[in-house]
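This report refers to the structure that appears directly beneath it.
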Amino acid sequence: MNPFTPQTTPEALREKVSRVLGAFKHPTLKRDLTVLKALHHSALLDSTLHIELVMPFAWQSGFAELKESVSAELLRLTGATAIDWKLIHNIATMKRVKDQTGVSGVRNLIAVSSGKGGVGKSSTAVNLALALAAEGGRVGLLDADIYGPSIPTMLGTTHERPTSPDGQHMAPIMAHGLATNSIGYMVTEDNAMVWRGPMASKALLQLLTDTLWSELDYLILDMPPGTGDIQLTLAQNIPVTGALVVTTPQDISLADARKGIVMFAKVGVPVLGIVENMSMHICSHCGHLEAIFGTGGAEKLTEQYQCALLGQLPLHISLREDLDRGEPTVVSRPESEFTEMYRQLAGQVAAQLYWQGEVILTEIAFKAV
Ligand SMILES: Nc1ncnc2c1ncn2[C@@H]1O[C@H](COP(=O)(O)OP(=O)(O)OP(=O)(O)O)[C@@H](O)[C@H]1O
């Protein structure tokens, strides 16, 4: 036992640790760690301070910043010579649209949408899913973009085919640690193009419910682009927890993003916020920044609709090249500034989902095998 702290009781130690944790400020903490009851365990053993936190949303980056910011203060206050930190994620299941029953095994379903095609919705969905996993969540990705299922290409899984362990359900295809499924695994692109509205929506609902998702904290749904009947049907019938709208800063894209926000509002799906993709072009030769699609548009949109601007991603050739190779940036360049941006986005999405919603008790997950 450290000579400075022989008299520290477990209660007094907990109180000290709580006070320091409670003062920590972070963009993902709308209320502090003591309000969250995050401190699960603290003990001082052989001069080592053991701290165990339990968080209800994916928080690995926030945790790293916490350690960096408060460790010196904790060592000083407790007389410990080292800290053994532990973070456990027990991710909360949040209330869904109109109290719908969830998908078996899935705690939270996040729809990634866009008012128009080509703004980088699928790219965002893929990198966001991987970033949420890096932040500590168990994550799945469902490609619902029936007219252009690009997820298998982006994950390098185009040759995979789902298997069925019971002749009725599909086992998801695992890629870079994500549980995935896509209409692209089952039909060729030419076939997908002829699907009509009701058929497409039905196929997607089936894909969602007939996949044997393992226990997932977050299932990312890459929606078909646009705000037509299919999107409306999906938004109405899928037990979505929250939606993101991806846009570029360009006027036309913003006008469409606006339609997306209105569509989700109509069916009572909470919009977690806007993601601005291709905010700035970064030249791969000289690093020069250029606002090809204009600036400030998404900010205006978030002011108008009072929703959060969750992240701004640049337009950069390596982001596209990584996706074309089936090795998304978040996994192929984990130390890059782009990965950092996606991880920040993931942290914001996870936090926003938690703070904006209402926690429900996790249902006992049962698999229909
Ligand atoms: N930030 C970015 N930097 C560079 N390239 C990007 C970026 N975002 C997307 N792209 C590229 O732009 C193209 C279109 O992206 P993506 O398929 O994600 O768009 P989408 O909105 O999902 O399109 P659709 O609606 O047609 O499915 C892809 O080739 C992708 O690699």
Margin query: List the residues, sorted by chain then number, that are 5 or more residues from LEU53 or on another chain and whose placed amide H is less than 5 Å from its amide H.
Written below: HIS40, LYS86, LEU87, ILE88
Next item on the list: Could you rank the peptides 284-290, 60-66 by their average count of other C-beta atoms within 10 Å per residue, with the highest value first?
Entry: 60-66, 284-290
Item checked: the chain: angle of helix 251-266 to the longest principal axis, Cα-based, in degrees nearest 10 -> 80
Next item on the list: Please tell me the relative contact order of region 302-349 in percent, rounded to the nearest whole number, where contacts are Cα pairs under 8 Å and at least six residues apart.
Entry: 37
Notebook entry, point to check: What residue among VAL187, VAL349, VAL245 shows peak mean-square fluctuation when the chain is described by a Gaussian network model with Cα springs under 10 Å?
Noted result: VAL187
Next item on the list: Search the structure for amide H atoms under 5 Å from the amide H of TRP59, placed 1.01 Å from N in the peptide plane, and list their residues when 5 or more places away or on another chain.
Entry: none
Margin query: On C-alpha positions alone, give me the angle between the axis of helix 60-78 and the longest principal axis of the chain, in degrees, nearest 10.
Written below: 10
Next item on the list: Output the relative contact order of the chain, whole-number percent, from Cα pairs under 8 angstrom with separation of 6+ residues.
Entry: 21
Next item on the list: First select every other residue whose beta carbon is under 14 angstrom from the beta carbon of HIS281; then total the charges, Lys and Arg +1, Asp and Glu -1.
Entry: -1
Check: Summing -39500 (n - 2.57) over the DSSP H runs of n ≥ 4 in the chain and dividing by its residue number, what mean residue ellipticity at 222 nm do you reach, to the nearest 500 deg cm²/dmol?
Finding: -11000 deg cm²/dmol
Margin query: Apply the Karplus curve 6.51 cos²θ - 1.76 cosθ + 1.60, θ = phi - 60°, to the phi angles in region 305-322 and return the couplings in whole Hz, x for Gly and Pro.
Written below: 9, 6, 10, 7, 8, 7, x, 10, 10, x, 8, 9, 4, 5, 5, 5, 4, 4
Next item on the list: Compute the signed sum of charges (Lys and Arg +1, Asp and Glu -1) over the other residues within less than 15 Å, Cβ to Cβ, of ASP256.
Entry: +3
Check: Using θ = phi - 60° and the Karplus form 6.51 cos²θ - 1.76 cosθ + 1.60, what ³J(HN,Hα) does each residue of region 46-59 get, whole Hz, x for Gly and Pro?
Finding: 6, 6, 9, 8, 9, 10, 10, 10, 10, 10, x, 9, 4, 8
Next item on the list: Mind ranking 87-95, 211-219 by how tightly packed they are, going by the mean number of other C-beta atoms within 10 angstrom, highest first?
Entry: 211-219, 87-95
Margin query: Counting other beta carbons within 10 Å of each residue's own, what order do TYR354, TYR342 fall into, fewest first?
Written below: TYR354, TYR342
Checklist line | Cα-Cα over 21 Å, subset of LYS16/LYS67; LYS95/LYS116; LYS95/LYS121; LYS95/LYS300 | finding: LYS95/LYS116; LYS95/LYS121; LYS95/LYS300
Next item on the list: Output the peptides 73-84, 222-233 sorted from most to least packed, where packing is the average of other Cβ atoms within 10 Å over each peptide's residues.
Entry: 222-233, 73-84
Item checked: For the chain, built as a Gaussian network whose Cα springs stay under 10 Å, the top-fluctuating residue of ALA38, ALA12, ALA125 -> ALA12
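Only the coordinates and a few stated rules stand behind these numbers; no lab work does. A quick note: this is a predicted structure, and the numbers were derived from the prediction, not measured. Here Cβ is always computed from backbone atoms with ideal geometry, including for glycine, and neighbour counts include all displayed protein chains.
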